[in-house]
Structures are given as C-alpha cells and as structure tokens.
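A.B. asks: Okay, handing you the structure first.
The values are calculated or read from the model by the stated rules, or taken from the named source; none is laboratory data. Please read these numbers as outputs of a predicted model, since none were measured by experiment. Methodologically, a virtual Cβ is constructed for each residue, glycine included, from the backbone with ideal geometry; neighbour enumeration extends over all protein chains shown.
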Amino acid sequence: MNLHFLELLAEALVILFIGFMLSRIGKTLAYRVLHEAEANRFAKHIGLEIERSLSIVVQYVLYAATLVVAIHTVGILTWALIAVGVILALLVLGTAVFEAIEVIPNIRARSLHLEGKQVKTKLASGKVIKVGLLETLVETKEGLVAIQNRLIRA
C-alpha cells in the first residue's frame, strides 16, 4: 500500500474520532440550550419532546458531516456519493416494481365491474359496495369490510 494513502486513512480516523466526540458534545449542548429555552413547554400541546428530538437531530447531522469530511479526506467522496446514489436508485426501482406487482391484480379486479355483486373470500362474503384501486368495500352481516382486490373472486 502507498504510504500517502495510509497517512490519509490515519487522518480520516482521527477526524472520525474527534467528530464523533464533538457530535456527542453538540447533542448535549443543544439539549441544554433547548431546555433553558423551555422548548418542551411550547410543544406540550403536540405531545412531542422537542428538546430531546432536536438534540438527537443535531447529533446525527454532526455525524453525517463528520463522515463526509473523513471520506473527503481519503479522497473517495465522489465514489461514495455515486454508491449512495446507486443504492437509492435501486431502492426506488425495487419499491416501484413491488408496488406495480401489488397494483396490477387490482386493476384486473376493477375491470370485473363487481359493484353490486356478491363476492366470497376467505375473510368475508357479501355485497360489493365500492371497488377502489387497492381494496374493495364489502358489506357483510357484521358490517363494512375492506378487502384487497387480489383476494376477491366474483
């Protein structure tokens, strides 16, 4: 390995160590400032602990900044950002594919014109009130039941 790369790696590790320590200190300082300002009293009606929540947000923002600086020090920031972009794109694509797999049978069920007909599923049987894109409202003896379209047989 190149000696220069090992020096950069050592610098990055020092940056990570100091940055993570500063993140903990930043969290504590943010909490104390918000506590002195009585931020929880203002957010009491929402039921949210603003002091704790915002101090944790400050900590994670400082963690992220530390990681970016350390990765930039090593010189692989561009490659790391490309990798994160590819992973996010794959997640979006995978989510879209799984949603399409879920919606396609529902479109077929809508095309059956089931409103007003009797249907029977493993969950319930009754008269179809409304067919939506993802679910169908069925009136049973017990009341209204929402059933996924892919589970319905006319």
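A.B. asks: Please go through the range 12-66 and pick out each residue that is at pLDDT 95 or above and part of a loop (DSSP other than H, G, I, E, B).
C.D. replies: Scanning the range 12-66 gives no hits.
A.B. asks: Further question: Take the residues of the range 99-111 that are of a type outside the set (A, V, I, L, M, F, W, C) and part of a helix (DSSP H, G or I): which is modelled with the lowest pLDDT? Give the steps one after another, and end with the answer.
C.D. replies: Step one: filter the range 99-111 for residues of a type outside the set (A, V, I, L, M, F, W, C), giving 99, 102, 105-106, 108, 110-111.
Filter once more, so that each one left must be part of a helix (DSSP H, G or I): 99, 102, 105-106, 108, 110.
Working: Glu99: 82, Glu102: 73, Pro105: 66, Asn106: 65, Arg108: 63, Arg110: 59.
That would be Arg110.
A.B. asks: State the number of residues belonging to the range 30-69 that are surrounded by 15 or more Cβ atoms within 10 Å (Cβ to Cβ), aromatic (Phe, Trp, Tyr) and over 30 Å from Ala80 (Cα atoms).
C.D. replies: So the count comes out to 1.
A.B. asks: Quick test for you: out of Thr78, Thr73, pick the one residue that is crowded, with 17+ Cβ neighbours inside 10 Å, of a type in the set (Val, Ile, Thr) and assigned to a helix (DSSP H, G or I).
C.D. replies: Working: Thr78 fails: crowded, with 17+ Cβ neighbours inside 10 Å.
Of the residues listed, the single one that is crowded, with 17+ Cβ neighbours inside 10 Å, of a type in the set (Val, Ile, Thr) and assigned to a helix (DSSP H, G or I) is Thr73.
A.B. asks: Starting from the range 66-84, keep only residues that are without any contact (Cβ under 8 Å) to a residue 12 or more places away in the chain, then list their pairs with residues that are surrounded by 14 or more Cβ atoms within 10 Å (Cβ to Cβ) whose Cβ atoms are within a distance under 6 Å, requiring at least 6 positions of separation or different chains.
C.D. replies: The qualifying pairs are Leu77/Ile71; Ala80/Ile71.
A.B. asks: What number goes with the only condition from (1) in a helix (DSSP H, G or I); (2) within 30 Å of Ala146 (Cα to Cα); (3) in contact (Cβ under 8 Å) with a residue 24 or more places away in the chain that Leu114 does not pass?
C.D. replies: The one condition Leu114 does not meet is (1).
A.B. asks: Here's another thing I want to ask about it. Only one of these is at positive phi and of a type outside the set (Ser, Thr, Tyr): Gly94, Gly132, Gly75. Name it.
C.D. replies: Numbers: Gly94 fails: at positive phi; Gly132 fails: at positive phi.
On inspection, the qualifying residue turns out to be Gly75.
A.B. asks: Tell me which residues, restricted to the range 1-36, are acidic (Asp, Glu) and either over 24 Å from Glu49 (Cβ atoms) or within 27 Å of the chain's Cα centre (by Cα) (or both).
C.D. replies: Filtering the range 1-36 down to residues acidic (Asp, Glu) leaves 7, 11, 36.
Those that are acidic (Asp, Glu) and either over 24 Å from Glu49 (Cβ atoms) or within 27 Å of the chain's Cα centre (by Cα) (or both): Glu7, Glu11.
A.B. asks: From the set of residues in the range 118-133 that are touching a residue at least 24 places away in the same chain (Cβ under 8 Å) and either under 11 Å from Leu151 (Cα atoms) or not assigned by TED's automatic domain parsing to the domain that holds Gln148 (or both), which is surrounded by the most Cβ atoms within 10 Å (Cβ to Cβ)?
C.D. replies: So the residue we want is Val119.
A.B. asks: Here's something else I'd like to know. In this structure, does Glu11 turn out to be in contact (Cβ under 8 Å) with a residue 40 or more places away in the chain and loosely packed, with under 15 Cβ neighbours inside 10 Å? Write out each step before concluding.
C.D. replies: Working: in contact (Cβ under 8 Å) with a residue 40 or more places away in the chain: yes; loosely packed, with under 15 Cβ neighbours inside 10 Å: yes.
Spelling it out, Glu11 is indeed in contact (Cβ under 8 Å) with a residue 40 or more places away in the chain and loosely packed, with under 15 Cβ neighbours inside 10 Å.
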